[in-house]
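Heads up, the thing below is written out as structure tokens.
The values are calculated or read from the model by the stated rules, or taken from the named source; none is laboratory data. In this text, all values refer to a predicted model and were calculated from it rather than measured experimentally. Cβ: placed from backbone, ideal geometry, glycine included. Neighbour counts: every protein chain shown. To get the accessible areas, we keep the full protein, side chains included, count just its heavy atoms, and leave off ligands, DNA and RNA. Shrake-Rupley method; radii C 1.70, N 1.55, O 1.52, S 1.80 Å.
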Amino acid sequence: DLIAVVDRDGRRLYNSPSYRNLLGDPEALRGTNSFMEICPEDRDRLRKIFQETVVTGAGQRPEFRFLLRDGAVRQGESQGSVIKDAHGQTSKVVVVSRDITERKRSEEVLQDSERRYKHLLDSTTDYIYTVTVEDGKPVSPTHGPGCVAVKGYTPAEYAAEPDPWYRVGPGGTRPAVQGKRATAAGGR
């Protein structure tokens, strides 16, 4: 983590040694504008959030892009916490920042994978059924569009009622289904 103490205007008063790896000599950064490495597109938004923190005393955790010494763009997040003077006014802000570039890339890869899976699921004519298991119990079942041809129920019907065949089956077969279901449930 990058730890900085800045004044009410965002000028750096202290930078932790960890700044060396991303932004250079921590001592050379003293007195500089803490917003200068923020990408121009994010800078005004971050300044506004910083000023809200100074005025209200409540920190926020914004995400933003910042520039390294070599010009590379990285993703970051920061959390500000105020230091108050003897009169209860904000005198300084401690800002803890973190490079979250790899986390954001991983999230994008996962989202892309989920989009591709959904596209595959939606485009196949086979009946694909998946279920998420949490704490050893099935939750969040998903039925592909092929369920209509096989079971006669749409994915939306399964989403609204996990076992629509059981609830809305033909009246003459419902007692038999209920009996088999009760027997199966009791045997678990």
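Overview of values
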read-out: Matching helices (runs of 4 or more DSSP H) fully within the range 19-63 where at least 1 residues are out of contact with any helix residue (DSSP H, G or I) (no Cβ under 8 Å at 6 or more places or on another chain) and open to solvent by less than 60 Å² (accessible area, probe 1.4 Å); value: 19-22, 40-56
read-out: Selection status of K151, in contact (Cβ under 8 Å) with a residue 24 or more places away in the chain and touching a strand residue (DSSP E or B) at 6+ places or on another chain (Cβ under 6 Å); value: no
read-out: Output for the range 1-18, where each listed residue is within 26 Å of the chain's Cα centre (by Cα) and in a strand (DSSP E or B); value: L2, I3, A4
read-out: Residue check, I83 surrounded by fewer than 15 Cβ atoms within 10 Å (Cβ to Cβ) and in contact (Cβ under 8 Å) with a residue 24 or more places away in the chain; value: yes
read-out: Cβ pairs under 6 Å, 6+ apart, first in the range 91-107 and within 23 Å of P17 (Cβ to Cβ), second open to solvent by 80 Å² or more (accessible area, probe 1.4 Å) and modelled with pLDDT under 95; value: V96/D1; R98/D1
read-out: Test: R116 is exposed (fewer than 13 other Cβ atoms within 10 Å of the Cβ) and either farther than 30 Å from R43 by Cβ or at pLDDT below 80 (or both); value: yes
read-out: Within the range 64-80, tally of residues that are in contact (Cβ under 8 Å) with a residue 40 or more places away in the chain and surrounded by fewer than 16 Cβ atoms within 10 Å (Cβ to Cβ); value: 2
